[in-house]
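Asks: I am attaching a structure below and will ask some questions about it afterwards.
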Amino acid sequence: MQSIIPRAIDPSTSAHDRVYRGLRTRIMHGQIEPGFALTLRGIGREFDVSMTPAREAVNRLVAEGALSMSNSGRVSTPELSNERIEELAALRSLLEVELASRALPRAHMALIERLQTINSTIADAVSNRDAVGYIRTNLEFHRALYLRAQAPAMLAMCETVWLQLGPTMRALYGRLRRSEPPQYHRLIIAALKAGDEPGLRLAVRSDVTQGLRMLAG
């Protein structure tokens, strides 16, 4: 019998993935503001890696639209135009309404209870004026619902949109000055309980577009 020799783990690949995931999470959760400049040297120092994995992670995030790179090589989080915000809001509406609709037939009580728990965590983040905590738990609410759609390709596209919007969502939170959780989350939960697909689609569409269009306006 031919022996199977395990492939050695490439430390460069491992370092690149760690940097990529770390930066991706920070950008998606709004920990980095729009227009913030990043350097490969600074990223390497922060993650304790060489320039190569830092560069690979940055190039990957640039390709995903999470970072922008100027002709001179300056890397920063994007500052989105009103037209771009409108476009991404429309994408959220299309993708997330469809994901919610597909999730509805599989929305059992355990999911509904989980969404209610997450919504309570969102309320805590709002009361503590925790912008990053708010964005993180808000995305957790939506992801928990959309996972029930069992549409991984669609969810991956949706997460790319969230990634591109992360810094802008941080700016939006500061402008809205929320004092309570998003009202549409309660409507989403109510529609799931009632099996109300039109109501669910309307609540999700309103939730994912209202704030962004206010920012664009």
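Asks: With +1 on each Lys and Arg Cβ and -1 on each Asp and Glu Cβ, and nothing else charged, work out how big the dipole of the chain is about its Cα centre, in Debye to the nearest 20.
Replies: With Lys and Arg at +1 and Asp and Glu at -1, about 180 debye.
Asks: Per residue, how much accessible surface does the chain expose to a 1.4 Å probe? Answer in Å², no decimals. Write down the numbers at each step before the final one.
Replies: Details: 11580 Å² over 217 residues.
Value for the chain: 53 Å² per residue.
Asks: How big is the equivalent ellipsoid of the stretch 8-134 along its three axes, where each semi-axis is √(5λ) from the Cα gyration tensor, reported in whole Å from largest to smallest? The partial results should precede the final answer.
Replies: Values: eigenvalues 203, 77, 56 Å².
Equivalent-ellipsoid dimensions as semi-axes: 32, 20, 17 Å.
Asks: Same structure again: With every protein chain left in place and a probe of 1.4 Å, what is the accessible surface of Y184, to the nearest 10 Å²?
Replies: Surface accessible to solvent at Y184 totals approximately 40 Å².
Asks: For labels at K193 and Q210 in the simple 7 Å Cα→Cβ model, what's the distance in nm?
Replies: 1.8 nm
Asks: Then there is this: If you fit an axis through the alpha-carbon atoms of helix 11-28 and take the longest principal axis of the Cα set of the chain, what angle between them do you get, 0 to 90°, nearest 10?
Replies: Helix 11-28 sits at roughly 30 degrees to that axis.
Asks: Another question, then. Could you grab the Rg to Rh ratio for the stretch 28-73? Cα atoms only, Kirkwood for Rh.
Replies: When Rh is taken as the Kirkwood radius, the ratio is 0.94.
Asks: Let me ask you something else. At 1.4 Å probe size, with no ligands or nucleic acids counted, give the accessible surface of S50 in Å², nearest ten.
Replies: Per-residue accessible area (S50): approximately 70 Å².
Asks: When the expected Rg is taken as 2.2 N^0.38 Å, what fraction or multiple of it is the alpha-carbon Rg of the stretch 89-161?
Replies: Taking the Cα Rg and dividing by 2.2 N^0.38 Å, one obtains 1.14.
Asks: Would you rank F47, F36 by solvent-accessible area, highest first, keeping every protein chain in place and using a 1.4 Å probe? Mind dumping the intermediate values first?
Replies: Details: F47 20, F36 110 Å².
Largest accessible area first, the list is F36, F47.
Asks: Tally up the carbon and sulfur contribution to the accessible surface of the stretch 80-217 as a whole percent, 1.4 Å probe, everything protein left in place.
Replies: 51 percent
Asks: While we're here: So what does M69 come to for accessible area, using a 1.4 Å probe and Å² rounded to 10?
Replies: Surface accessible to solvent at M69 totals approximately 90 Å².
Asks: So what's the back-of-envelope 222 nm ellipticity for the chain, counting only DSSP H runs of four-plus at -39500 (n - 2.57) apiece and dividing by all residues, rounded to 500?
Replies: -23500 deg cm²/dmol
Asks: Still on this structure: Tell me, what is the percent relative contact order of the chain, built from C-alpha pairs under 8 Å that lie six or more residues apart?
Replies: Relative contact order comes out at 29 percent.
Asks: On to the next question. Could you calculate the contour length gain from R129 to L147, that is, 0.36 nm times the residue separation minus the distance between their Cα atoms, to one decimal place in nm?
Replies: Additional length available on full extension: 3.7 nm.
Asks: Let me spell out the model: positive unit charges on the Cβ of Lys and Arg, negative unit charges on the Cβ of Asp and Glu, origin at the Cα centre of the stretch 155-207. What dipole size does that give, in debye rounded to 20?
Replies: That gives the stretch 155-207 a dipole magnitude of about 260 debye.
The values are calculated or read from the model by the stated rules, or taken from the named source; none is laboratory data. What you are looking at is a predicted structure, and each value in this text was computed from that prediction instead of being measured. Quick reminder, even Gly has a Cβ in these numbers, built from the backbone with ideal geometry, and neighbours come from all protein chains shown. Remember, those area values only see protein heavy atoms, side chains included, never the ligands or the DNA or RNA. Shrake-Rupley method; radii C 1.70, N 1.55, O 1.52, S 1.80 Å.
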